[in-house]
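Structure record follows, encoded as structure tokens.
The values are calculated or read from the model by the stated rules, or taken from the named source; none is laboratory data. As the structure is a prediction and not an experimental result, all values here were calculated from the model. Here the Cβ positions follow ideal geometry from the backbone for every residue, glycine too, while neighbour counts run over all protein chains shown.
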Amino acid sequence: MLELYQFELSHYCEKIRFILDYKGLEYRKVEVVPGLGQLDLYRLSGQRLVPVLKDGNTVISDSTAIAHYLEEKYPLPLLIPTDAKSKALCLMMEEWADESIGLNGRKAMLGALGKNADFRSAALPSSTPGFLKDLIAAVPGDAIDVLGLGVGLGAESVKNARKAMQQNLEALCLLLSESPYLVANHPTLADFAVAGLTMYIKFPSGDYVDLPSGLKGKGVPGLADNPDYQVFWDWRDRLYQDFRKITRTPAASTSDGASGSGPTPINIE
């Protein structure tokens, strides 16, 4: 069986989960523990980033490389169009999604977590004690801005990311206003890249990703709830309904440490 080494909340991993589900491929999710678990990933793939796909003795890292491997090894249903113009548009849009939506979406989401107390509280696991949720929600946004500067996520950086995402969403709405998919009459790599990588702007409302319950259907204020972008969000909801499989709730751990259908964590002993 295929193994996807991942972070459950990674939008680049969501892109690959979309593709695997679309192609009807069975796969096991292996949750990589940040830090020590990434050393195991390095031994496997020669680098520490997710997603990584293992297919027998073949190991592929990077979401674009994984997508192309799956298209070559498991060609049906078609992911990349065969006619020259549609193929070129598909590949260009996937690259744009990776570099613009993927990076700016993450910055916009982190900025929203800093500025919006309700969004920040919703991101916490449901097991978080109420007093701790209240404490985290009460942290002033200005204080979080100061912390963000140290990792390149100051107010100006977040502002520019939001502006880029506004333009991206407007362009996507225009493309989708007269077409069911972005570059062809069927879903392609471009569609799944865009759908997966916008996860940080608005999290899916269904049980597709193992999220804190308060995050489902929530997103960056002004982007996730802006009626000007509803065409895009309705389209993405349809892609989830048509092509993404529901994530089953992980079963209780068995005596050998297996946990049913949920992601299997890896770590170093």
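General remarks:
- Qualifying positions in the range 1-44 - at pLDDT below 95, assigned to a helix (DSSP H, G or I) and either assigned by TED's automatic domain parsing to the domain that holds LEU211 or not small (Gly, Ala, Ser) (or both): LEU36, GLN38, LEU39, ASP40, LEU41, TYR42, ARG43, LEU44
- Scope the range 45-98; condition hydrophobic (A, V, I, L, M, F, W, C), assigned to a helix (DSSP H, G or I) and within 21 Å of TYR5 (Cβ to Cβ); matching residues: ALA65, ILE66, ALA67, LEU70
- Long-range neighbours under 8 Å by Cβ, at least six apart or interchain, first residue at pLDDT 95 or above within the range 86-113, second in a helix (DSSP H, G or I) and hydroxyl-bearing (Ser, Thr, Tyr): GLU94/THR64; GLU95/THR64; ASP98/TYR12; ASP98/SER63; ASP98/THR64; GLY102/TYR12
- Odd one out for ILE136 among (1) modelled with pLDDT of 90 or more; (2) part of a helix (DSSP H, G or I): (1)
- Any pair with Cβ under 8 angstrom, 6 or more apart, that starts in the range 20-45 at a residue that is without any contact (Cβ under 8 Å) to a residue 24 or more places away in the chain and ends at one that is crowded, with 18+ Cβ neighbours inside 10 Å: GLN38/VAL32
- Residue in the range 21-42 that is in contact with a Phe, Trp or Tyr (Cβ under 7 Å, 6 or more places away or on another chain), within 22 Å of THR188 (Cβ to Cβ) and aliphatic (A, V, I, L, M) present: yes
- Residue in the range 223-244 that is of a type in the set (Ser, Thr, Tyr), at pLDDT below 95 and surrounded by 17 or more Cβ atoms within 10 Å (Cβ to Cβ) present: no
- Residue list for the range 197-243, filter: under 19 Å from PRO180 (Cβ atoms), touching a helix residue (DSSP H, G or I) at 6+ places or on another chain (Cβ under 8 Å) and basic (Lys, Arg): ARG236
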